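What follows is a set of notes on a single structure, which appears directly below.
A short reminder: the numbers here are calculations on the coordinates, not readings from a lab. Note that the structure is predicted; figures quoted are calculated from it, not measured.
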Amino acid sequence: METHSRRRVPLDKRKRTETSCDKCKSRKQKCDRIHGQTQCRYCELHGIECTSTQPRKKRVYGNVEGLGTRLALLESLVKGLLPEANLSSNDEMQQLGKSLGIPLPPLEDNTINAQKNKEEEEITLPLLPDQQGQVQYIGPASSFGFHLKLRRLIGNYTDFQFSMFGKNAADPDITLAFPNASGAAYEKDPGGQRTLSNASSDCGSPSEAMREIDPTTLESLIDSYFDVVHSDFPVLHDASFRETYELWTVSDATSAANPVWLCGLFCVLLLARRVASVSIPQEAERHWWRYVQTLLPTVFFASNIFAVQALLLAALHLHNTSHRDACWNLTGTAVRIAHAIGLHRDDVKHAQSPLGRELRKQLWWTLYAFEQMQVSSYDRPSVIEHNVSLVSCPNERIVGVAGHCPQDYMKWSQKLVILFGTACRVLNTVGNNHNIPDDAYSRPLSPAAGVLRDLIKWQKELPSHLRLDVTDSLAPSSRRPILLLHAQFHYTVLLMSRSTLLRRATVLSTNIDDPPSEALLVISKTCIDSGRALGRLLLKLDSINKFNAFTWWDIFYTVASALILVLDISCSAKQNRLSSGAASKDILQKLACLMSRQLRDWNVPGSMAKWATIVVDVNATAEELMTTPTMQRSARLQDVLAPAAIGSIEPIQHIPQHESDQTIGINDTGLAIPFPYSSPTDGFSYETPAPGREEAQQFWAELSFMDDLNEQSQDWSWDDIDAILRGSEQQNDTRRHIP
């Protein structure tokens, strides 16, 4: 015992320097100074004053695994005590400690310098032009940036055309649906449906114009809105809205209607026009939108719940009709008004009925989810602070959703929306880290890995009656909400993991013999699984006739799934393992078939039509990848793509493959060819895939703007591709003549 208590090496024989001098520290060399001497050998040799003023470097004892486990435990403890704590960055943790009154040590110099470098990178990001000659910011972690990197990876095109966002939505000559479509095309009466003959007449005021519309047609449009649009976008309350509408119809024609409420009614008609059984001429839509433009200034200056509702309805219409920049602006205005009237807090209860309080909660969560979807597209800052827990979940019975949604559906949907908002916040952090090795993302405190763990926890804790395996046993009205709930879950997983799959594809392109790291494979496999699951969910929606190609995110989700599937096919082709990508190929073909059928419907709005065209062309590109030799695909791109954070995650449950194959029943023998293809031989089919397609090359070429000018100019948002594809007016004209 006495031997172990003594120092193993006496001080007089100790060779390690107790404290290195400042000069040796700056040179990062060993300081050779014998104990008791005033100068080290280097300083004495060069005649330098030997001083030791810098603090000694702190040593960390223990291995990496032990420290990682310790950090994971500490993070879990903090999350357990503060579920809403934001641990995504050092600054966020410092702000959290300051708000709690906990003193924290200052950040090290290297951390501060890294933050400054990050800010300098963000300053150099370009502002990109739109179709109005303006410039707009699209963040580096945007969905369009992902799409552009994917295109540059699997494409090799030099010609380009560019267009971004729609033209000014206030232009009186603009057609919000299809710019080249004639209103006369809608005057026909297909299938014996009723037509609206007097809605397009010019009137002196919006109220007079509304009263000129046939009451039967108006009621039919309102019914269609609440049957189709409302279940996805619960902004209004059915009974309350109809009560106000009936009071307006029986009122004197000379009495002035509430202009804010009237604006919302016009927006209801605009959205319902595409899903109603009544055939509405497109000229009527143009006139209705002009009346909305007339009423919007009054809405902007109002601070009530009607203003938030009207702005959200108008924003959704603009989003669907190739004016997503205007949609972003209106959504931000709606958020500001919502803050002004206290929608973001439960404790604001000024003379409200129980129904009024619950409707405020429902409107707030609808607004939050809608804004976050746009944030994920553009990688822009959210107007809403993350601390949304001040608003509780609305009572399903009071707001009237208990009849068409399973029990506790809104509760679990709210939890998922909060996770989705968290994912959007960490996107910028992940998207800007271009040169960090894969192992750096396996740390327990990685923000993206934390989001993935929380998503898996959400899925595990989901009640049995909200799971996919009971979908067929639910009432028909409850099936679409459940399928959309899981679709949003898988879209959130894609959001956090798709850059890792893109990084894996890039590694395979640059060096086929050097396999990707294990951490990269884990997250990319998760991304592929969610991409396939999302595609099967959309096909399931189509099989039960619940696919909404007119007013909601169904086609947007289809594009997100298709891009993941084509990346999986690309990786399989590069590794000469075509069988591993067979499942993705099959799902992608069925999605392309679905989109081709949807493109034949004249009521599909502009944004949806352009996204649907992307899916068809992506499928054609996948066919070429499966038939083109691997070595002919050039590895000319050396972009270091931002990987998603990799943590300790578990497999995510997906819809089984056999379930999709047995229940969907989609014809796989061929595709209905949308514009610009006049026949299957001009485009492609499943039976005889064409090895070369000029149309597909032109499609990808239209996206390759500024390829060789500025690397950072590629950071766009691919879900705004609807505007980019508007470059050829002749293609739209061709589509109009498809039988």
Practice prompt. Could you sort out which of 79/411; 79/149; 57/79; 525/590; 460/585; 457/546 sit more than 24 Å apart by Cα distance in this structure?
Written response: 79/149; 57/79; 460/585; 457/546
Fill in: Derived scalar couplings ³J(HN,Hα) [the stretch 139-153; Karplus, 6.51 cos²θ - 1.76 cosθ + 1.60; whole Hz; x for Gly, Pro]
x, x, 9, 6, 5, 5, x, 4, 5, 5, 5, 4, 4, 5, 6
Worksheet item: For the stretch 222-272 and the stretch 74-101, what is the separation of their C-alpha centers, rounded to whole Å?
Response: 44 Å
Worksheet item: How far is the Cα center of the stretch 391-424 from the Cα center of the stretch 292-346, in Å?
Response: 22 Å
Worksheet entry | Phi to ³J(HN,Hα) by Karplus 6.51 cos²θ - 1.76 cosθ + 1.60 over the stretch 217-226, Hz, x for Gly, Pro | 5, 4, 5, 5, 5, 5, 4, 5, 4, 6
Worksheet item: Hey, what do the phi angles of the stretch 543-558 turn into as Karplus ³J(HN,Hα) couplings, whole Hz, using 6.51/-1.76/1.60 and θ = phi - 60°, x for Gly and Pro?
Response: 5, 9, 6, 10, 7, 9, 9, 10, 10, 10, 7, 4, 6, 4, 4, 4
